[in-house]
Each structure stands twice: as C-alpha cells, then as structure tokens.
Amino acid sequence: MNMSNLIALNIIQKPSPNFNERLDKKTNTKVTKPTYIIIHYTTDCFHKKSYRALSNFFRPVSSHYLIAADGTIYQLVDESKRAWHAGKSYWKGSRQLNTYSIGIEIVNPGYSKSNKPVCTMNQDIWNQQSATQVKGSPFYWYPYAPEQIAAVQELCKDIVQRYDISPENILGHSDIAPGRKVDPGPLFDWQQLAKQNIGIWHNVQSSDHTTLPDIKEIQIMLQQLGYHVKPSKKLDKKTKKAIKAFQMHFRPSNIDGILDTETVLILKNILN
C-alpha cells in the first residue's frame, strides 16, 4: 500500500513478526495478487491485547490489518506477505486461503454464554445491555461499533480497487471454516457493506415462497457457492455446519442451522 493511501485511510504501522512469503504450495510460485478478503473478530475488547495475540512469535497467528474499537486501522503485515489468519480452511476448491487472501481482524468480544459484562476495557460499547441473543443460538453476541464498520468499509474499498477483488470473494472466517469458526458472527453488517459492493447480499422478501428441494440439490448449491460440502444425499455434519455458516452470513436473524424455505430462497437468489 502506498503512502498516499496510508494517509487517506489513517493507517498506523504496527508490525507483527508472524508472516511468510505468499507461495502457492502446488506450483511453488510466488503469489502477487490476493483474490480474497477474510473478515474476523478477535474475541477480546482492546486492540493492545489483540495485537499481542497477533504478534506473539511463539503463537503462529497474525492478520494484515487490525481495527480497534474506535475505528483506528493498524497494519500488522505487509499485503505482499502471507499472514496467518485463516488456518485450516476451504473455499471453492482451494485450501490455500492464507496464501491468496488479506485478513482483517476487528476488535470484538464475539459472544458469551450469559449476558454478563465481558470487558474490562471499552465497556461503553460491550456491556451487559449491548449483548444480543440471536434466534437459533444459545449465546449472547456483541455488536460492532459504527466506527469499526466504517473503517472496514473504507479499507475494503481500497483493497478491492487495487486488486480488483470480486464481491463474492469477500468472506467471513465462518464461511471458510464452518463449525470451527463463527466470526465475524451474526451481528456483523454484511448487508450494509454489500450496498458498497463489499461482499454480496440477496433481495429475498418475506413474502417469497419456495419448496424444499432434496438434500443433494442443497449440497450442490452450497458447493457452487464455495462451501466445503459433497453431494452425499445425506444431511451430514459438514452440510449442517455449512448451512449454519451460510445463515450466519446471509440470514443472521435466525442461525439455527435448520434447512428451511427462507434459507433455500436466499441460497437460490444468491446463486442466480
């Protein structure tokens, strides 16, 4: 990223030692153009603690960017390098998401099992009153500050413009690792960002109707979108996890993982 962009976006350099070269494991060639953006949350409440976790030399975790509670953007790893944020993951046949993506971590506590305060810092944002219990989940989820969403929007716009990244390649950690990861969670406003061509959304209305297709057809559609499922004709664990991850991204009002007509409508709408 050039200096003019750094100034325009007010990005602060805060290097992490946790990175390596972008090398395609199959071809052993250097990757110069990332094709994905992966959004995460940090599971804590203060950027200094998040930075320590993402820069601990003895813990192989990092990201390219970290967005604090007030919307400040920190760059931890140069975009030309491979940060370690995706872990074991899959999308559209690729298992090399770290190699081909830019990772953005957003400071956010994620969820708790009760609505008790989770933070010692930034309690004005993440307090007992701010916790929300989403339908289909037993947990209490915590919101993002408006300044964070605005920062994500501007940062992603800049990255998309420079690398010509397709909207459908802007994903959550939960999309590429269903069941293993749930971030950025159901309170991340994908719909708002999609209005700026950051990610994709649907135009399904509550009055729309459809019938439930068989499981194999659902698995094929999830596979076409990018999820790691196979047409087994059985509602297996991978399929259930993919359905829940899909709901968390595209139908966050109810993330029960149950295959209902609304979920099918949204899936069909996005694919079409």
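Some points to look at:
- Cysteines not pairable in the chain (beta carbon separation under 4.7 Å absent): 156
- Per-pair calculated FRET efficiency, R0 = 35 Å: residue 224 and residue 121 via Cβ, rounded to 0.05: 0.25
- With neighbours defined as other Cβ atoms within 10 Å of a residue's Cβ, the residues 64, 209, 40, 202 order from fewest to most as 209, 202, 40, 64.
- For the chain, the gyration tensor built on C-alpha atoms gives an oblate shape. Its axis ratio a/c (a ≥ b ≥ c) is at least 1.5, and a/b is not larger than b/c.
- Length added when fully stretched, residue 208-residue 192, from 0.36 nm per residue minus Cα-Cα: 3.6 nm
- FRET efficiency for the residue 272 to residue 24 pair, using the beta carbon distance and R₀ = 22 Å, is estimated at 0.10.
- In this Cβ point-charge picture (+1 for Lys and Arg, -1 for Asp and Glu), the chain has a dipole of about 1200 debye about its Cα centre.
- Listed by chain and number, the aspartates and glutamates placed with their C-alpha closer than 20 angstrom to that of residue 30 are 21, 78, 79, 164; residues fewer than eight positions away on the same chain are left out.
- 13 Å beta-carbon shell around residue 140, net charge (K/R +1, D/E -1): +3
- For the residues 17, 213, 184, a GNM of the chain with alpha-carbon springs under 10 Å puts the largest fluctuation on 213.
- Taking the number of Cβ atoms within 10 Å of each Cβ as an exposure proxy, the fewest-first ranking of 221, 121, 248 is 121, 221, 248.
- Angle in degrees between helix 146-163 and the longest Cα principal axis of the chain, rounded to the nearest 10: 90 degrees
- DSSP-defined beta bridges in the chain - what % are antiparallel, rounded to 5: 40 percent
- Dipole of the chain computed with +1 at Lys/Arg Cβ and -1 at Asp/Glu Cβ about the Cα centre; of 17, 203, 67, farthest Cα towards the positive end is 17.
- With Cα atoms, 0 to 90° folded angle of helix 261-271 axis to the chain main axis: 60 degrees
- Expected 222 nm ellipticity per residue - DSSP helices of 4 or more, -39500 (n - 2.57), all of the chain, to 500: -8500 deg cm²/dmol
- Sum of side-chain charges, residue 180 neighbourhood, beta-carbon under 13 Å (Lys, Arg +1; Asp, Glu -1): +4
- In the range 43-129, the trypsin sites (Lys or Arg not before Pro) that fall in loop regions by DSSP, at most 10 other Cβ within 10 Å: 88, 113
- Label-point separation, residue 133 to residue 59 (7 Å along Cα→Cβ), nm: 3.1 nm
- Degrees separating the helix 237-250 axis from the principal Cα axis of the chain, which is the longest one: 70 degrees
- Chymotrypsin sites (Phe, Trp or Tyr not before Pro) within the range 29-116, DSSP loop, no more than 15 other Cβ atoms inside 10 Å: 57, 58
- In range of the label at residue 240: residues from the range 158-190 whose backbone nitrogen is under 18 Å from the point 7 Å along Cα→Cβ: 177-182
- With both residues required to sit in the range 53-196, DSSP beta bridges show an antiparallel share near 65%.
A short reminder: the numbers here are calculations on the coordinates, not readings from a lab. None of the values given here were measured: they were computed from a predicted structure. Because the Cβ atoms are built from the backbone with ideal geometry, glycine has one as well, and the counts that use them run over all protein chains shown.
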